[in-house]
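The values are calculated or read from the model by the stated rules, or taken from the named source; none is laboratory data. Just so it is clear, the structure is predicted and the values come from calculations on it, not from any experiment. Here the Cβ is made from the backbone with ideal geometry for all residues, glycine too, and neighbour counts use every protein chain on show. Accessible surface is based on the protein model in full, side chains and every heavy atom, while ligands, DNA and RNA are left aside. Shrake-Rupley method; radii C 1.70, N 1.55, O 1.52, S 1.80 Å.
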Amino acid sequence: MESSPAERAKSEPFHTVTPLLESWALSQVAGVPVFLKCENVQPTGSFKIRGIGHFCQEVAKKGCRHLVCSSGGNAGISAAYCARKLGIPATIVLPESTSPQVVRRLQGEGAEVQLAGKVWDEANLRAQELAKRDGWVNVPPFDHPLIWEGHTSLVRELKVALGTPPGALVLAVGGGGLLAGVSAGLVEVGWQHVPIVAVETRGAHSFNAAVEAGRLVTLPSITSVAKCLGAKTVAARALACTRESKILSEVVEDREAVDAMQRFLDDERMLVEPACGAALAAVYSGLLGRLQAEGRLGPALASVVVVVCGGNSIDSRELQALRAQLGRS
Ligand code: PLV
């Protein structure tokens, strides 16, 4: 008997093997070859589909009847996409500040959208409430072993594409799911010595605050424009990763993230969210160069990989508005 599309969706991965592109422009700035892991070309516009796809498949196999996901936007789009493929209804809970284009995209995926609270943490409380219903499962956007396991595929792809380990890997940190998955992936492929430059924007720097304090810290509020990095507290697992990987926690300013978005658009003709601009700012703002000069990245870097994590909550008008807000235009 032939299996239905929803049955097949339980076993085939939802994510795409993304291109790894050497960027001439970013290599010029960094002074070493810079490779871009283009997660922005995932079917849902961000890396989130790796972990969330894996999570949703596993709970679908166990008979989940409704998926609920709280999100700054991108996790929700991935959850809604996977739910549609799996033939399961989904409710996505987002902060009130969510852009209309993200809401439309979610509705286009067939999801029910609820807006609750000012930041992700508040939307998350509503999602946890909803998930108490019979047959409903909460999809955690970053804090779950299945999410981290799903994200490890990114590192396996890097190993296939590069062969030899890069000198450093740059990524953005929100709740720390990407960091936890990449850290686990590096261990899995035997690249645990590769330093991870973990970047946040000021005002969404819950990982940096935790690293400095040596314990989890809850920020009083999220003031950064990078709302998708805005988890007031990171996952405990993210902090634990600092014991297994060499992680350099760094904070950039919002204006540096937004400048990086603009320069990346001009250099590579790709438009990404502030959450991703934060990672790109490590190159454009000179942060990577400073870390190298301070000897914190090892002697001579062979290459650098930047995870272009992507993001949907952006268009040309929004970029202009962000630039104006931060006095950049
Ligand atoms: N965004 C989550 C959490 O938001 C979400 O709900 O979509 N880059 C992009 C484009 C992202 O969307 C996110 C997370 C990150 C980076 C950070 O990933 P994390 O949370 O795994 O560290 C509040």
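Scoring 131-138, 242-249, 152-159, 181-188 by mean Cβ neighbours within 10 Å over their residues and listing the highest first yields 181-188, 152-159, 242-249, 131-138.
Each of Leu326, Ala281, Phe264 was placed along the dipole of region 245-329 (beta-carbon charges, centred on the mean Cα), and the one lying farthest toward the positive end is Ala281.
The fraction of accessible area contributed by carbon and sulfur in the chain is 50 percent, rounded to a whole number (1.4 Å probe; ligands and nucleic acids excluded). Taking all Cα pairs closer than 8 Å and separated by 6 or more residues, the relative contact order of the chain comes to 19 percent. Of all the C-alpha pairs in region 234-307, what % are more than 14 Å from each other? Here the long-distance tail beyond 14 Å is 66 percent of all Cα pairs in region 234-307. Basic side chains Lys and Arg get +1 at the Cβ, acidic Asp and Glu get -1 at the Cβ, and with that the dipole of the chain about its Cα centre reaches some 400 debye. With the highest mean first, a sort of the peptides 111-122, 316-327 on other beta-carbon atoms found within 10 angstrom per residue produces 111-122, 316-327. Taking the Cα centre of the chain as the origin and placing charges on Cβ (Lys, Arg +1; Asp, Glu -1), which of Pro165, Ile196, Ala231 is farthest toward the positive end of the dipole? Final value for the positive-end residue is Ala231.
Per-peptide packing, taken as the mean over residues of other Cβ atoms within 10 Å, places 26-37, 43-54, 208-219, 77-88 in the sequence 43-54, 77-88, 26-37, 208-219 from highest down. Here the chain yields Rg over Rh of 0.95, to two decimals, using C-alpha coordinates and the Kirkwood radius.
Using the alpha carbons alone, the radius of gyration of region 28-81 stands to its Kirkwood radius in an Rg to Rh ratio of 1.19. In the context of the full protein assembly, Glu256 retains an accessible surface of approximately 50 Å², using a probe radius of 1.4 Å and ignoring ligands and nucleic acids.
Restricting the calculation to Cα atoms, region 113-212 shows an Rg/Rh of 1.06 when the hydrodynamic-style radius is the Kirkwood one. Of all DSSP bridge pairs formed entirely within the chain, close to 15 percent run antiparallel.
Think of it as helices only: each DSSP H run of n ≥ 4 in the chain is worth -39500 (n - 2.57), and spread over all residues that comes to -12500 deg cm²/dmol at 222 nm. Probing with 1.4 Å while keeping every protein chain in the model, the per residue accessible area of the chain equals 40 Å².
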